[in-house]
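This report concerns only the one structure given below.
Throughout, read-outs are computed from the coordinates displayed, never taken from laboratory work. Just so we're clear, the structure is a prediction, and the values are computed from it rather than from any experiment. Virtual Cβ from ideal backbone geometry, glycine too; neighbours counted across all protein chains shown.
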Amino acid sequence: MDTDLVVRARGGDQEAFADLAATTADGFLATSHRILSDIDLAEDATQQALLSIWQDLPQLREPARFEAWSFRLLVRACYAEGRKTRRWAPNIRLLPVDEPMAADGFSSVVDRDQLERAFRRLSLNHRSVVVLHHYLDLPLDEVADVLGVPVGTVSSRLHYAMRAMRTALDADARPASREAAQ
Amino acid sequence: MSTDREVTRIVRSWLNEDRHEDADRVLDTVLAELETTPQRRSWWSAWRHPVMNTTMRFALVAAAIVIVALIGYQLIAGPNVGGPQATPSPTVDLTPVELPAAGALEAGTYFVRNPYVDEDPVRSCESGCADYQRIIFTLPDGWATSDGFVHKEFGKAGEVAFSVWTPGETYLDPCHWQESAVGPLGHSHDASGAIVLDDQFALLNQVGRPASAPTIVTLGGQAAVRIELSIPAELDIATCDRREFRSWSEWDVVDFGNSHHASGQIDVVYVVDVDRRPLVIDASHMPGASEEDLAEFEAILASMIIER
């Protein structure tokens, strides 16, 4: 992270902020998409987060902390978008198809949908922890810093989320009968 | 049945799949709105002044002490009508000394360090702590310290005491805390960074513990949320888990928290708005505390400086 850009943007330099936003926007969108599981909501959250960063950058005393601080604003924007709209994925049970196993060991079509369903069942709090830790590779203490909660809380949320994913995947792995979309 | 490792691998692989997100449209929208979106200037950037040197800081503390002493003298001694002149208060040495671990304290200015800011990188603030260096305060005669508390009449019906915490988790049931759900102690902020008093504040919701409405005050030069909590006089703390009424755990310390509580105790809790984790100052007293001691207590709190 170029702290000089942060300092200049903090002082009102729009060009510096444009450069800063350009380096973060794709990552923000990818992160928020994974948290919200909805590209439209993710775009709105990313837009709100970037604008909040511009508005509140003067509040950031330590430019070196920009990354954690900005992700906190992004997660907050995700929560706000998640509260606005509750969309339910259609409850479609996919029929197992005979597809060759991918190198990482799961069938691409069926398991991806199972994962999506399992993930959507998690609260935003739990999804955020999973995404920050398993997608952004942040260690737990940095996840705690971003979310503003104790490390113990992060640990328990992650444990709960992964256990819930495992339970959902195991349940879906049991043979399914042919069913129409519900 | 999947193993934990398999699930982790699957989830990580799924999360890291390329989903072809393109933020160009979002970026264009944001940049187009910059012209009409003003930045919120912070009070610390707008108020550009040279950092106070030590001499200036203690001059201000001295002035505060003189003012507080004058007010206290008027409250305690009353107007001196017709009698001998009152003996002037002894001069207070303003050079702060580190609070000792235990013992009686002479009148003077003391400081406590942030216990998480030290040479050990594992316990340093890089791994997360409340963002402050020291808390400086001035005491009159008659106070003492032990077990992390600064107090008078410790353990007695008239006790007044304060302590400093970096809380980890707030127990929603402080009596049955071992199996209690935990809640956030830090307050929320709005987009401008101002404190938002909302019902997520865990101290408002502790089981069996009446709480006042929170207010935003200034303590030690920092914004803080002030909330007054009481412990019912009829509560038998011996029936609580491990005979402790525990408000919150101390961050990053195993099996330790604020358990200095007695039935009937009143805690005025200041959740100070610093970066990273909340800094909490718990100013407690028992119902039997004297008006004089409570006035001294208020003066001590008024003398505080929280160094960032």
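Summary of computed values
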{"read-out": "Pairwise FRET efficiency - A:LEU140 versus A:ALA80, Cβ, R0 = 22 Å, nearest 0.05", "value": "0.35"}
{"read-out": "Averaged over B:3-9, number of beta-carbon atoms from partner chains that fall within 10 Å", "value": "4"}
{"read-out": "Modelled FRET efficiency - R0 56 Å, B:THR95 with A:ASP26, Cβ distances, 0.05 increments", "value": "0.55"}
{"read-out": "Cα-Cα P(r), region B:202-279, percent of pairs per 5 Å interval", "value": "3, 14, 22, 23, 19, 12, 5, 1"}
{"read-out": "Segment B:HIS20-B:SER290, length gained on full extension (0.36 nm per residue, minus Cα span)", "value": "90.3 nm"}
{"read-out": "Pairwise FRET efficiency - B:GLN178 versus B:ALA102, Cβ, R0 = 41 Å, nearest 0.05", "value": "0.90"}
{"read-out": "Sequence ranges A:114-120, B:30-36, ranked by mean other-Cβ count within 10 angstrom, highest first", "value": "A:114-120, B:30-36"}
{"read-out": "Region B:166-308 shape via C-alpha gyration tensor axes, a/c threshold 1.5", "value": "oblate"}
{"read-out": "Ranking of A:ARG121, A:ARG8 by count of other Cβ atoms within 10 Å, fewest first", "value": "A:ARG121, A:ARG8"}
{"read-out": "Neighbouring partner chain Cβ atoms per residue of A:48-59, average, 10 Å criterion", "value": "6"}
{"read-out": "Contour minus Cα-Cα distance for B:ARG134 and B:THR215 (0.36 nm per residue)", "value": "26.8 nm"}
{"read-out": "Distance in nm between pseudo-label sites at A:ILE39 and B:ALA262 (7 Å out along the Cβ direction from Cα)", "value": "6.6"}
{"read-out": "Within 10 Å of each Cβ in A:25-34, the average number of Cβ atoms from other chains", "value": "5"}
{"read-out": "Relative packing of B:9-18, A:139-148, A:122-131, which averages over residues the other C-beta atoms within 10 Å, highest first", "value": "A:122-131, A:139-148, B:9-18"}
{"read-out": "Gained length - B:GLU228 relative to B:ASP147, 0.36 nm times residue gap less alpha-carbon distance", "value": "26.9 nm"}
